[in-house]
Amino acid sequence: MSSRQRRSFLQLAAAMPAWTAGAGLAGLSSRVWAGPVTDTRFLLVFLRGGYDAMSLLVPASSSFYKETRPNIAVPLASAGQTAGATRLNSPGQTAGATRLNSDWALHPAMDNSLLPLVQTGQARFIPFAGIDDPSRSHFETQDAIELGQQRGASRDFGSGFMNRLAMQLGARNAIAFSSQMPTCLRGQMAVANVSLKAAPPSARGGAAPLQEALKAMYQDTPLQARVAESFEVRSQVAQEMSAMTGEMEAANRGAITAKGFELEARRIARLMRERYALGFVDVGGWDTHINQGAGTGYLASRFEELGTGLAAFAAEIGPATWRKTTVVVVSEFGRTARENGNRGTDHGHGSVYWVLGGGLSAEQGVGPVVGEQVRIEASTLNQNRDLPVLNDYRSVLGGLFARQYGLSAKAIDSIFPGAKPQDLRLL
């Protein structure tokens, strides 16, 4: 490639829309459009920013929770209240959390989305979950979770745990629904990535010159075929998204379509139903230092949007595939037990993970809240500040993967080195 061609390529790359750019050559795929090689589906949803888990899963039996959160504690539903839109909109009535058992209640923003899945055994929660990383740094903890490597070992940023899972499954049909390749999907297995947040570019859009420049750049090199395949993946996804959008607009009959995560989740569901076995998506906006709200407010709106999207994903992927699908929702850490001076919360430690799916275990004794737990009191806090981590995420996911895919202990150790799988009977 001449110097003039290189300058033209850089100018095109700088002007290229994020949907098309993806992660550049980091997202090269190897025939990932060929349909799932495994009959099951796994989607990881990463809530970036560290969401306040004690607002989602409210400690119903803890007086300490109410004392330390005078302005942002989510109230419990009073006697006689029923879950749903009617309760949330009743004049003079405060939205209250629905009890799941004697210890926990679910935020009212989830009444019309996640709660029905819980009540039908299709959603469970793992409190006191996370990673033994004391930094409380967004970037440090996110990287540590996505890498899935042993703490104290030298980090290999070219090997994420979901890529290692794909290697064990021989699943070349993994994809990140994000504009950049996430750390968890980096590795030896070739993986595609594409953002579904924006409308797909048309075949006549500005991406074509860049594609031609890239093809010319890698012509007659070992990467020539993979570059061409990568663009074919993006073209096929764009075509499918265009067809989806047209169908949805027709079905709405001119009504306003709900924006945000719900639309993205429906697109993800269709793509995973037809061709992708492993998926990743991240959702931002969870760093609530100021005015996070309680039963209503900023955080409640985020919960409602997320819950609506996840329920839409379950509906859109269809009953048959939903029975073979597992969705896990994680965040880098939870928030402080006590509210701060700005009616928000600060970076914490232990969080609450979610597990959803149409094939979750119906074993007797497996309730909506699983894993090791303690009563939330001043004496049980981590460093007198936040929730402890009692359920290590590597162990929890290791146990889940062992059940979902029938992987051996050796295979699990290759995904999460040194972790002992924790079987919570989720599947």
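Just so it is clear, none of the values below were taken in a lab; they were calculated from the coordinates. All values derive from a computational prediction rather than experimental measurement. As a convention, Cβ positions derive from the backbone with ideal geometry for all residues, glycine included, and neighbour counts pool all protein chains shown.
So what is Rg over Rh here for segment 305-427, counting just Cα atoms and using Kirkwood for Rh?
Taking Rg over the Kirkwood Rh, I get 1.02.
Which order results if PHE64, PHE128 are arranged by neighbouring Cβ count within 10 Å, fewest first?
Listed from fewest to most nearby Cβ atoms, that is PHE64, PHE128.
For SER137 and ASN112, what does the FRET efficiency come to when R0 = 25 Å and r is the distance between their Cβ atoms, rounded to the nearest 0.05?
0.10
Quick check: convex hull of the Cα atoms in segment 263-315, volume per residue, rounded to a whole Å³?
77
With 10 angstrom as the radius, rank GLU305, GLU332 by how many other C-beta atoms surround their C-beta, starting from the fewest.
Numbers: GLU305 20, GLU332 28.
Result, fewest neighbours first: GLU305, GLU332.
First measure r as the distance between the Cβ atoms of MET217 and ALA362, then evaluate 1/(1 + (r/R0)^6) with R0 = 51 Å and state the FRET efficiency to the nearest 0.05.
For R0 = 51 Å, the calculated efficiency reads 0.40.
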